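Here the structure comes first, spelled out in structure tokens, and everything after it is commentary.
The values are calculated or read from the model by the stated rules, or taken from the named source; none is laboratory data. Keep in mind the model is a prediction, meaning the values are calculated, not measured. FYI the Cβ positions are ideal-geometry reconstructions off the backbone, even for glycines, and counts take in every protein chain you see. Side chains are part of the model used for accessible areas, which takes the heavy atoms of the whole protein and leaves out ligands, DNA and RNA. Shrake-Rupley method; radii C 1.70, N 1.55, O 1.52, S 1.80 Å.
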Amino acid sequence: MIFLSVQSRGALFTLCIFLICVVIVHISKLALIGWNSYRKKEPKKQKSEKQETPEPVYYIVEKKKKTAPQYKKPKKFKFQK
């Protein structure tokens, strides 16, 4: 009885190893995402009595005046024939 030829067994083994590796990589990535989200949760903070918000600070910004560009006379080029 021949179940599979040697080449078929090798191809099947390679396919199985590939699928196992893909599953392991995806499981490890999902575990890492879950672990990071678990660690980032902040504990609930107790609200103190009335918190005062600071008044906004406004700055006066003066716009710079742009001067009109001054161009020089264009240079003349003489080409040799």
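Helix 6-40 against the longest principal axis of the chain: what's the angle in degrees, Cα atoms only, rounded to the nearest 10?
With both axes taken from Cα atoms, the answer is about 50 degrees.
Quick check for you: with a 1.4 Å probe and neighbouring chains kept, what is the accessible area per residue of the chain, in Å²?
Per-residue value: 130 Å².
Could you sort 22-34, 57-69 so that the peptide with the highest average Cβ count within 10 Å comes first and the rest follow in order?
Result, highest mean first: 22-34, 57-69.
Viscosity 1.567 mPa s, temperature 4 °C: what is the translational diffusion coefficient of the chain from Stokes-Einstein with a Kirkwood Rh over Cα pairs, rounded to a whole number of µm²/s?
In µm²/s, the coefficient is 55.
Tell me, what % of the accessible area of the chain is carbon and sulfur with a 1.4 angstrom probe?
C and S fraction of accessible area: 63 percent.
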